[in-house]
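Comments concern the structure below.
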Amino acid sequence: MNSNCKIEKIRKKLWDYYGTLHWWPAETPFEVCIGAILTQNTAWKNVEKAIENLKNADILSCKGILDADLSFLAELIKPSGYFNQKAKKLKEFCRFLKENYNCDLKMFFNSGPVKDLRNKLLSIWGIGRETADSILLYAGNKKIFVVDAYTKRIFSRHGICDEKIDYDELRLLIENSIPESAEIYNEFHAGLVYIGKDFCSRKNPLCEKCPLKGV
């Protein structure tokens with residue numbers, strides 16, 4: 001079985017096993033963007049605590065984050081780790097939105113093709129490829145697949161690629177193997193995240209119980 005067929009088979013297996021996962025958990029597209037930045041190098045449960053702090057302080061908005069004192073912002077997002085750096089990243093992202101789109105996220109998403117939007121996000125300090133693609137897919141409903149550590153681990157264990165494969169090389173391989181749809185990209189990435197957490201851990205994978213066994 002070639003890599004393209006195997007990827008599509010994995011996608012269908014995940015869909016059969018998990019169904020609709022309603023990922024990314026957020027109330028607004030802006031909250032998705034903030035979560036995408038905060039989730040760098042940390043577990044999602046820590047991001048939830050940080051976002052809850054921002055909500056309780058009533059600053060979970062572009063203006064709110066820009067107006068907040070940097071040290072105060074850092075303290076609020078402390079549960080997410082690397083909080084001093086992440087506070088600066090949030091400021092930079094919101095400054096970009098303010099200076100170019102008057103804090104209007106919808107205006108940004110409507111300002112050009114996905115490739116151009118991605119390049120704009122990547123020009124912001126602190127935003128890398130995974131974060132940019134998460135913002136585009138989950139906040140903007142754009143057709144771009146998100147690759148993360150779970151994706152690389154699962155696919156390497158199934159002989160599809162090396163775990164050290166370049167991000168965009170794997171992203172394009174996946175996009176060329178499955179139907180082109182933001183909804184499908186969303187559900188497939190979510191399924192890989194869940195499999196990674198539920199079965200395919202780095203140290204103690206539950207291969208015998210995994211629904212992808214035999215693929």
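Nothing in this text is a laboratory measurement; each read-out follows from the coordinates by a stated rule. These figures come from a predicted structure and were not determined experimentally. All Cβ positions, even for glycine, are placed from backbone atoms using ideal geometry, and neighbour counts span all protein chains on display.
When the C-alpha to C-alpha distance is required to be over 32 Å, the pairs from Lys55/Lys106; Lys6/Lys106; Lys106/Lys213 that qualify are Lys6/Lys106; Lys106/Lys213.
For Asp104 and Leu70, the difference between the fully extended length at 0.36 nm per residue and the C-alpha to C-alpha distance is 10.0 nm. Computing FRET efficiency as 1/(1 + (r/R0)^6) for Glu48 and Asn84, where r is the C-beta to C-beta distance and R0 is 22 Å, gives about 0.65. When you restrict to C-alpha pairs under 8 Å that are six or more residues apart and normalise by the size of the chain, the relative contact order lands at 26 percent. Protection proxy ranking for 36-49, 19-32, 140-153, using the average of other Cβ atoms within 10 Å per residue and placing the highest first: 140-153, 36-49, 19-32.
With an a/c value of 1.5 or above and a/b not larger than b/c for the gyration tensor axes a ≥ b ≥ c computed over the alpha-carbon atoms, the stretch 64-215 is described as oblate.
Full extension of the chain segment joining Glu163 with Trp23 gains 48.0 nm, where the gain is 0.36 nm per residue of separation less the Cα-Cα distance.
Extension gain for Cys5-Lys203 works out to 68.5 nm (0.36 nm per residue, less the C-alpha to C-alpha distance).
Report, in degrees rounded to the nearest 10, the 0 to 90 angle that the Cα long axis of helix 29-38 makes with the longest principal axis of the chain. Approximately 80 degrees, to the nearest ten.
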